[in-house]
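Single-structure report; data block below.
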Amino acid sequence: MATTELNTDRAAAQLLGEALREVGYSERRVSDLLGDDAYEGGREEAPVGERRLPRTPLAAVVRLLFLQLPTPARDVVEALGRRGVDSLEATGLAEVGADVVPHVRVLPVGNLLVASDDFPDEDHDRRPDYVAAYTPTSRLLDSLTPRRRVARALDVGTGSGVQALLSARHARHVVATDVNQHALDYAELNAALNGFDNIECRRGSLFEPAGDETFDLITCNAPYVVSPESKWAYRDAGFQADEVSERVVRGAVEHLADDGFATLLISWLAHDEDEPDERPLAWTDGIGCDSWILPIWGEDPLGHAATWNDHLTGQGGRFAAALDTWTEYLARLGVRWVTEGAVVLHRRPGRNFSARVDEVDEDDLDDASDQIQRAFASRMRLAELRRRSDLLGCRLKVAAPVVLEHELEPRRGRTTVVTAAFELDEGTHSRVEASPRALELVAALDGTATLAERVQAAARRLGLGDAETSRLRREVLDVSTELLELGVVDFS
């Protein structure tokens, strides 16, 4: 296994980034050359990818930095220029001879460039301080982070620095922390590679390097896995049970400025799989923030052990031994269920802070930045209402693309709507079921009339009596509140 020693030569990294952008090295162009599943493959698929590449300057860069294959120096010079190739060597990203031999991967992520450790060796013997680039959890955190302009942002457990890079586009100053110096070297290098001069890297555990400072945005993808091992810095935090996740939540609360948001990837344990979310609900109780708990993956102890040791499958005794070690550890803790997901916090003035739990399907998740901001703004407005029924005097509007679904059944010779559902067509793709007439009323909200006026108009149109009108009013209140808290409907 090669050991990569980086040289955080800022000038060389910045020059290299400019050369890579000039040649067109981007996520879209990589996918055009290698296919839509280019980012899903491993080292074993590199020979296939290599055969798909044409003989062009961009293809030479893809071969070198994406597939991590030695590439003739003359081809790399043609693509990046002599100074670009010298910058690869000056930063420690590659060794230059007759061939340029890569030491790391440099992945295009959207319009960013992210250097990280290479593909793990075939025996999966990663170095303990191994640094990944843009993993599925990175995408989750990115999708669930509010992207508004802020003064100060903090990224805890920064790794390659990808979340700090994303925040640097809309924050004046970003602090990135990590206990792993190798990760901070990558974060500093990647800041320069992308031309950012507003990222400050600090070494230390979790929030310690932040002192008593506060931030308008906090992101965290620290090593949250509940594990009996301390093998890899990116996975194993070395804390007991889910203690690291509790520390992350409480640390974020302490460092969150007024009107600030925190998006945290964490995991939590349950002693009863029918009550899987009691621990994050306890962590977020009485903290002066509204919270949104988003379970994404959940497994029993054996499933959890198998997931985080899948790199050992096919290795017989090693895999079996790991399963035994992990399940015995979880059994000693009395664990029946392990959940991994996100917690989003918003600090606001006032009282009546609320927490809600909604499962999210990883495969359905899109950019939820606008949805999250709407949802928490609505929860703040709802907390200001003296009575729940005061919502009837408010003007509401549908704030995002939605799909209104009807389930039809034939009854007595005619087709009848039996159930209806409202599904957000972006962000978390949240789904709410209610009576067809209540959802049809809410779907027509455009901010021109109060909710009470809409209910009365619908009652007159449908010829409802007092009892039925009262029932419709309750249904509309319930579904409107739910959709406000989900960021689907907004105050006008």
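Just a few scattered comments:
- Given (1) in contact with a helix residue (DSSP H, G or I) (Cβ under 7 Å, 6 or more places away or on another chain); (2) surrounded by fewer than 19 Cβ atoms within 10 Å (Cβ to Cβ); (3) of a type in the set (S, T, N, Q), number of the condition residue 307 does not satisfy: (1)
- Selection over segment 359-412 of residues that are in contact with a strand residue (DSSP E or B) (Cβ under 7 Å, 6 or more places away or on another chain) and free of Cβ contacts under 8 Å to residues at least 40 places away in the same chain gives a count of 7.
- Only residues that are in a loop (DSSP other than H, G, I, E, B) and free of Cβ contacts under 8 Å to residues at least 24 places away in the same chain were counted across segment 2-38, and they come to 3.
- So residue 6, is it modelled with pLDDT of 95 or more and either out of contact with any Ser or Thr (no Cβ under 8 Å at 6 or more places or on another chain) or surrounded by 14 or more Cβ atoms within 10 Å (Cβ to Cβ) (or both): no
- Subset tally (residues that are touching a helix residue (DSSP H, G or I) at 6+ places or on another chain (Cβ under 7 Å), crowded, with 19+ Cβ neighbours inside 10 Å and of a type in the set (Val, Ile, Thr)) for segment 464-492: 3
- Any hit, segment 333-356, residues being without any contact (Cβ under 8 Å) to a residue 24 or more places away in the chain and loosely packed, with under 14 Cβ neighbours inside 10 Å: no
- Among (1) more than 22 Å from the chain's Cα centre (by Cα); (2) at pLDDT 95 or above; (3) among the charged types (D, E, K, R) - the single one residue 273 does not satisfy: (2)
- Elements of type helices (runs of 4 or more DSSP H) contained in segment 278-379, each with 1 or more residues being over 26 Å from residue 243 (Cα atoms): 317-332
- Checked against the criteria, residue 241 does not count as outside any loop (DSSP other than H, G, I, E, B) and among the aliphatic types (A, V, I, L, M).
- Out of 284, 313, one residue alone is within 17 Å of residue 264 (Cβ to Cβ), in contact with a helix residue (DSSP H, G or I) (Cβ under 9 Å, 6 or more places away or on another chain) and not aliphatic (A, V, I, L, M). It is 284.
- The listed residue being closer than 16 Å to residue 371 by Cβ and either outside the structural domain of residue 360 (by TED's automatic domain parsing) or within 36 Å of the chain's Cα centre (by Cα) (or both), out of 440, 423: 423
- Breaking point among (1) within 20 Å of residue 113 (Cα to Cα); (2) touching a strand residue (DSSP E or B) at 6+ places or on another chain (Cβ under 7 Å); (3) modelled with pLDDT under 95, for residue 182: (2)
- Within segment 46-69, residues that are on the phi > 0 side of the Ramachandran plot reach partners that are part of a helix (DSSP H, G or I) and among the small types (Gly, Ala, Ser) with beta carbons closer than 9 Å, at six or more positions or on different chains, in the pairs 68/46.
- Taking segment 393-478 as the region of interest, the strands (runs of 3 or more DSSP E) fully inside it that hold 2 or more residues being out of contact with any Gly (no Cβ under 9 Å at 6 or more places or on another chain) are 402-411, 414-424, 431-434, 446-450.
- Test for residue 461: is it more than 25 Å from residue 263 (Cβ to Cβ), surrounded by 15 or more Cβ atoms within 10 Å (Cβ to Cβ) and of a type outside the set (Val, Ile, Thr): no
- Looking only at segment 217-232, and only at residues there that are surrounded by 23 or more Cβ atoms within 10 Å (Cβ to Cβ) and over 15 Å from residue 333 (Cα atoms), the one that is modelled with the lowest pLDDT: 224
- Candidates in segment 158-183 are the residues that are of a type in the set (Gly, Ala, Ser) and over 13 Å from residue 130 (Cα atoms); of these, the one that is surrounded by the most Cβ atoms within 10 Å (Cβ to Cβ) is 161.
- Within segment 183-210, the residues that satisfy the criterion of being without any contact (Cβ under 8 Å) to a residue 60 or more places away in the chain, assigned to a helix (DSSP H, G or I) and out of contact with any helix residue (DSSP H, G or I) (no Cβ under 8 Å at 6 or more places or on another chain) are 183, 184, 208, 209.
The values are calculated or read from the model by the stated rules, or taken from the named source; none is laboratory data. Predicted model, so just to flag it, every value in this text is computed and none were measured. Here the Cβ is made from the backbone with ideal geometry for all residues, glycine too, and neighbour counts use every protein chain on show.
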